[in-house]
Amino acid sequence: MKHNITLTKKSKSVKGTVHLTGSKSECNRALIIEALSDGKVKVENISDAADTATLLQVLGHKSKVESQEKNDSGLETQDLRLVNIGPAGTAMRFLTAYFTLQQDEVVLTGSARMKQRPIGILVDALRELGAEIEYVENEGFPPIKLKGSLVQLSNKVSIKGNISSQYITALLLIAARLPFGLELHIEGELTSRPYVEMTLAMLQSAGIQHAWTDNVISIPNQGFAETSLHVEPDWSAASYWYAIAALADEAELFLPGLTPYSLQGDSVITEIMANFGITSQFKDGGVYLTKEVKPFARKIFDLKSCPDLAQTIIVVCAALGHEATFTGLETLKIKETDRIKALQNELAKIGVKLIEKGQVYKLDCSEKQIPERIFVDTYEDHRMAMAFAPLALLISEVEIEDADVVEKSYPAFWKDLEKVGFDLVIRG
């Protein structure tokens, strides 16, 4: 049953300490590395995110195994392991590569939305390497049937760089376990480069060496080192607190555990939010956020390297009436929902237009209004819920539909809002 949450905030100042969960992006990579390392790598500070819980369950071989039954695709699953990862996008991409090296024969499926999210580019690359993968329903989309024990046919593969960095990461994660290693050629511009750099840095921490020259990443066959991978707090989750600080009249927030030397590309939120008068001071083992009045000067935001911040930043700009321009949003249409369309629909409720011209997006705030109440649809997208929640600092009542979607990456979000003075009413 879906639950809606109505948010109110009487005071327009925000003060407090917020302990963030471990990074979903880091943790999901670390768990695959651990699973491939034959027990040599251990993961510390595992994320509370639902996507991570799903991945943990699958890697622990606790996922449901269907025997002599049919799944919802009508596929006979006798002697198959049926793995349903629900809406977990990283799990779908990473496990697609991971299962090619396992002994199992697996059918990998997910939610209705997951079956609409493309996987063909990754499948094509894995097939070139020698993987046996079949589509169960629609060509190019989950569910897919994978036969393990990949017999490597080639160590060279090319993949487009501007679709999803998760495809590239999935290949890099298994590269060292391939008998002949991997020489990965990235075609065109690389979207979300920090996520690829994160993957390589974590692999290196686990003893896996690589070479990256121009558009080619090479990883030879090699073993993992005995080590522990400590997962940092989630900078993506931190971005919502930066948004809250930006919309508050006064803000004094402390986020423990965050450092200025993060592997996470979303740590760039510190630089982006400086445009809105938010100062980030790293001390006492975390980051302090404070707000000062500052004229808004920056008009163009290139979010190519941090697309998961797009909703947060766009909503803040819209709420403050800043007619900013955005680029680097190409991947947003194939996320948990079509995030461009979702933003356009919901921003219209405060009179703001997000206008698309090719690959450039511009806010038109000329008819912006602040209503007494707003109802926000979330489109089964955790980031829609959390990006729009800060509007409660400007709007008397903000009702968020299907509030449980935040469990995907930040289960404690609503409780953390309560701790700093937001009032919540749960319905449904």
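The values are calculated or read from the model by the stated rules, or taken from the named source; none is laboratory data. Model, not experiment: these values are computed from the prediction. All Cβ positions, even for glycine, are placed from backbone atoms using ideal geometry, and neighbour counts span all protein chains on display. Surface areas here come from the heavy atoms of the whole protein model, side chains and all, with no ligands, DNA or RNA. Shrake-Rupley method; radii C 1.70, N 1.55, O 1.52, S 1.80 Å.
Give the residue, chosen from 162, 138, that is in contact (Cβ under 8 Å) with a residue 24 or more places away in the chain and open to solvent by 50 Å² or more (accessible area, probe 1.4 Å).
Numbers: 138 fails: in contact (Cβ under 8 Å) with a residue 24 or more places away in the chain.
Going through 162, 138 in turn, just one is in contact (Cβ under 8 Å) with a residue 24 or more places away in the chain and open to solvent by 50 Å² or more (accessible area, probe 1.4 Å): 162.
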task: Would you be able to tell me the number of residues in region 247-302 that are in contact (Cβ under 8 Å) with a residue 40 or more places away in the chain and assigned to a loop (DSSP other than H, G, I, E, B)?
output: 7
- request: Considering (1) in contact with a strand residue (DSSP E or B) (Cβ under 9 Å, 6 or more places away or on another chain); (2) open to solvent by 10 Å² or more (accessible area, probe 1.4 Å), say which one residue 258 fails and leave the rest.
  value: (2)
task: Take region 72-87 and flag every residue that is modelled with pLDDT under 90, within 30 Å of residue 332 (Cα to Cα) and open to solvent by less than 50 Å² (accessible area, probe 1.4 Å).
output: 73
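Assess whether residue 385 counts as being modelled with pLDDT of 95 or more, over 24 Å from the mean Cα position of the chain (by Cα) and assigned to a helix (DSSP H, G or I).
no
Against the condition at pLDDT 95 or above, open to solvent by less than 10 Å² (accessible area, probe 1.4 Å), of a type in the set (Phe, Trp, Tyr) and not in a loop (DSSP other than H, G, I, E, B), how does residue 375 come out, does it pass? Walk me through how you get there before you give the answer.
Values: at pLDDT 95 or above: yes; open to solvent by less than 10 Å² (accessible area, probe 1.4 Å): no; of a type in the set (Phe, Trp, Tyr): yes; not in a loop (DSSP other than H, G, I, E, B): yes.
Considered against the rule, which asks whether it is at pLDDT 95 or above, open to solvent by less than 10 Å² (accessible area, probe 1.4 Å), of a type in the set (Phe, Trp, Tyr) and not in a loop (DSSP other than H, G, I, E, B), residue 375 comes out as no.
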- request: Determine whether region 192-209 contains at least one residue that is under 19 Å from residue 98 (Cα atoms), crowded, with 20+ Cβ neighbours inside 10 Å and small (Gly, Ala, Ser).
  value: yes
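Which one of these is more than 17 Å from the chain's Cα centre (by Cα) and open to solvent by less than 40 Å² (accessible area, probe 1.4 Å): 354, 332?
Just one listed residue meets the conditions, 354.
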task: Determine which single condition residue 106 fails, assuming it passes every other condition in (1) surrounded by fewer than 22 Cβ atoms within 10 Å (Cβ to Cβ); (2) over 15 Å from residue 334 (Cβ atoms); (3) touching a helix residue (DSSP H, G or I) at 6+ places or on another chain (Cβ under 7 Å); (4) not charged (D, E, K, R).
output: (1)
- request: Return only the number of the condition from (1) of a type in the set (Phe, Trp, Tyr); (2) in contact with a helix residue (DSSP H, G or I) (Cβ under 9 Å, 6 or more places away or on another chain); (3) modelled with pLDDT of 95 or more that residue 261 does not satisfy.
  value: (3)
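Between 329, 289, 303, 320, which is touching a Leu at 6+ places or on another chain (Cβ under 7 Å) and modelled with pLDDT of 95 or more?
Numbers: 329 fails: modelled with pLDDT of 95 or more; 303 fails: modelled with pLDDT of 95 or more; 320 fails: touching a Leu at 6+ places or on another chain (Cβ under 7 Å).
Only one candidate qualifies: 289.
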field: strands (runs of 3 or more DSSP E) wholly inside region 94-151 that include at least 2 residues being modelled with pLDDT of 95 or more and small (Gly, Ala, Ser)
entry: none
statement: Result of the Cβ filter at 6 Å on region 323-344, keeping first residues that are touching a residue at least 24 places away in the same chain (Cβ under 8 Å) and partners that are of a type in the set (S, T, N, Q) and open to solvent by 50 Å² or more (accessible area, probe 1.4 Å), at least 6 apart or interchain, is none
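Residues in region 318-333 that are in a helix (DSSP H, G or I) and over 20 Å from residue 386 (Cβ atoms): how many?
So the first thing to find is which residues in region 318-333 are in a helix (DSSP H, G or I), and the list is 318-320, 330-333.
Those left that are additionally over 20 Å from residue 386 (Cβ atoms): 330.
Looking only at that region, the number is 1.
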